[in-house]
Amino acid sequence: MKILETSGNQAVIHELGQRLAAARLARNLTQATLAEEAGVAKRTLERLESGESATQLSGFIRVCRALGLLERLDALLPESAASPIAQLQLHGRKRQRASGRRPVAAKAQPWTWGEQP
């Protein structure tokens with residue numbers, strides 16, 4: 001959905017939430033990981049992505065609308081498009097989960113003969 005001046009506040013909040021979720025999934029981050037990196041609670045991120053009770057965001061949208069800047073939010077969080085390979089792998093479905101990051105194995109120390117000093 002394109003964000004237009006005629007879009008209602010709730011529709012804009014919902015669209016921004018969907019775009020946030022898509023941006024998170026494109027980077028293969030779980031909600032917990034992103035919340036930790038952003039310094040917010042996981043529940044806060046869940047609410048942002050679902051468009052739930054975002055009163056501060058609603059006020060921000062009203063101000064943007066009054067200034068004639070609402071359509072510029074498209075540039076802030078553009079709609080993401082999956083790569084052609086990803087689209088083939090998903091068989092037309094929408095990605096809903098991130099796999100999370102795998103722990104990096106510690107670098108092995110070179111083996112030497114004898115006892116360590």
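The values are calculated or read from the model by the stated rules, or taken from the named source; none is laboratory data. Bear in mind the structure is a predicted one, so any value in this text is a computation, not a measurement. Please note: Cβ atoms are built from the backbone with ideal geometry, for glycine as well, and neighbour counts cover all protein chains shown.
General observations
- Annotation: residue 81 fulfils all but one of (1) over 17 Å from the mean Cα position of the chain (by Cα); (2) modelled with pLDDT under 70; the unmet one is (1).
- Failed item in (1) over 16 Å from residue 57 (Cα atoms); (2) touching a Lys or Arg at 6+ places or on another chain (Cβ under 9 Å); (3) not hydrophobic (A, V, I, L, M, F, W, C), with residue 9 passing the rest: (1)
- Helices (runs of 4 or more DSSP H) wholly inside segment 1-74 that include at least 1 residues being at pLDDT 80 or above and under 18 Å from residue 97 (Cα atoms): 9-26, 31-38, 42-50
- Of all residues in segment 25-43, one or more are over 21 Å from residue 75 (Cβ atoms) and touching an Asp or Glu at 6+ places or on another chain (Cβ under 7 Å).
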